[in-house]
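Notes follow once the structure below has been shown.
The values are calculated or read from the model by the stated rules, or taken from the named source; none is laboratory data. If you're wondering where the values come from, they're calculated on a predicted model, not measured in any experiment. Cβ placement follows ideal geometry from the backbone for every residue including glycine, while neighbour counts extend to all protein chains displayed.
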Amino acid sequence: MYPKALDSLNPRVLLTHIPLYRPDDTPCGPYRSSSVINQRIAYAVPDQEIKYQNYLTNETSSQLLDLIRPILVLSAHDHDQCTVTHSTPLGTVPEHTLGTISWQQGNLYPSFMLLTVTGPSNLTSTKTEVSTQLCFLPMQTHIYIWYLSQFVVTLLLLIIWPTNGFGCWDRFSQCMSSIRSLGTSLVVASKVKEDDENCEYEMVWDAEGSMHLVKKATTSVPVTKADAGSIGRGNVMSRAAAKKHALQGPEEAVILDLSPDADKTGKVTRLSKSKARILIQRLFRVFRLVVVIAAVNVPLYMMLLFKDWIDR
């Protein structure tokens, strides 16, 4: 709770890069991930000006608190979160050392702090004049590890993925063929029904004088394309010879292919690809797909990156 002497119309917040003095091994609260850093002072020349120090001296810190009388102290330099409380003659003053916003500065849990200042007319208590909220950013190393794992998984999938896929397209084609054949059978059934309705009937009387409708019998001789072409040319002998040749041709071809001595008589065999050639083709395919993936993702990443820069 802030003291009444500090509770004025113009509350002050002290901003300093170097934190105020604190005793060695002072606890920094639950949000600090690294070990506590103690005081260390380095001089340019012995007994001369200070070249480096982790915290201000006790005398300097007390003087600043007495002169400025802040209700809150915000410091940095430590690259990690630390919350301490300073005792003054007028009361206690909290100090928040802010962590770095970049994980490259030694803190794997970057963060920032949101400072909220309330006007005097909106105050319900002196505690609400200034409030802080620590906000952590995503752990950047986890993001990079996730990117790397996704890249490795993508490479493995591209390398082991079969050239013809896993047969999903074949199953889809079979399903479509079944649907197509079912539709064809339905069309044929409806066509047969229409033929029955459009056929001719003959009136027949029996011995008792009763009339019956009997469907006329029609005989149709199936005509093949070869027969139709031959009839159009009017060459019957040529048609028979062509049919004989058509029947003998495939048999000879099958016998030639299935002959046990075919390998010795110069059968054309399919040359098996060498392992080196298969490996080169696979690597080329993987490289080509990686280029395609990079061509899609890199511009998208750059667009998002530039958008963040513009928003800042």
| said: Let me confirm something: among Arg12, Arg22, which residue is of a type in the set (D, E, K, R), surrounded by fewer than 15 Cβ atoms within 10 Å (Cβ to Cβ) and assigned by TED's automatic domain parsing to the domain that holds Asn107? | reply: Arg12
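Among the residues of region 68-92, what is the count of those that are among the hydrophobic types (A, V, I, L, M, F, W, C), outside any loop (DSSP other than H, G, I, E, B) and either over 21 Å from Gln39 (Cβ atoms) or free of Cβ contacts under 8 Å to residues at least 60 places away in the same chain (or both)? Step through it out loud before you land on a result.
Restricting attention to region 68-92, the residues satisfying the condition of being among the hydrophobic types (A, V, I, L, M, F, W, C) are 68, 71-74, 76, 82, 84, 90.
If we keep only those that are outside any loop (DSSP other than H, G, I, E, B) as well, we get 68, 72-74, 82, 84.
Then keep just the ones that are either over 21 Å from Gln39 (Cβ atoms) or free of Cβ contacts under 8 Å to residues at least 60 places away in the same chain (or both); that gives 68, 72.
Qualifying residue count, region 68-92: 2.
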| request: Mind telling me which of the residues Thr141, Thr116 ends up being of a type in the set (S, T, N, Q), under 31 Å from the mean Cα position of the chain (by Cα) and surrounded by fewer than 14 Cβ atoms within 10 Å (Cβ to Cβ)? | output: Thr141
| message | Looking only at residues that are outside any helix (DSSP H, G or I) and within 18 Å of Arg288 (Cα to Cα) in region 140-178, which one is modelled with the lowest pLDDT? | response | Gly165
| task | Would you be able to say whether some residue in region 186-201 is modelled with pLDDT of 75 or more and not aliphatic (A, V, I, L, M)? | result | no
